[in-house]
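Participant: First the structure, which I've put down as structure tokens, then a few questions once you've had a look.
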């Protein structure tokens, strides 16, 4: 019986040490996450600036260019949402994917195979339905 209690105490002591180490190292995860998101935000601004400069040089703005700028805005919004709430809403990446798929459809144009266009449109529909379901689930929880 004494050995059993002793082994249980050893397990508890080991778990406490692991939990303590985990708590001590948690700051590295938080710091690296914030650092990487800051880099993503800065590089998104650089990419947007370069694309705007390319549009200026070309003296033309296509619908695909506007979609690309909208994607940049959504990425910056996602980074900003994280910094204000410390949570990345699941819907942000899905909306970015929808916008990217719309841009892809526009870039493909009428030259694409009909099945490719139907598949892309179906994927946009599935993503849109998932955002709707997530928002309805969020409202139901409130």
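Participant: Using the alpha-carbon atoms, what tilt in degrees (0 to 90, nearest 10) does helix 2-58 show relative to the longest principal axis of the chain?
Facilitator: 20 degrees
Participant: Same structure again: Does anyone have the angle between helix 114-141 and the longest principal axis of the chain? Alpha-carbon axes, 0 to 90°, nearest 10?
Facilitator: Tilt relative to the chain: about 50 degrees.
Participant: Expressed as a whole percent, how much of the Cα-Cα distance distribution for region 28-84 exceeds 14 Å?
Facilitator: The answer is 60 percent, as a whole percent.
Participant: Another question about this same structure. With a 10 Å cut-off between alpha carbons and a GNM built on the chain, which of 78, 55, 101 moves the most?
Facilitator: Maximum fluctuation in the GNM of the chain, among the listed residues, is at 55.
Participant: By its C-alpha gyration tensor, with a ≥ b ≥ c as the square roots of the eigenvalues, how is the chain shaped: rounded for a/c under 1.5, else prolate for a/b larger than b/c, else oblate?
Facilitator: prolate
Participant: Any idea what angle helix 63-85 forms with the longest principal axis of the chain, computed on alpha-carbon atoms, 0 to 90 degrees, nearest 10?
Facilitator: So the inclination is approximately 20 degrees.
Read the figures in this text as sums done on the coordinates, not as results from a lab. The shown structure was predicted, so the numbers you read here are calculated from the model rather than taken from an experiment.
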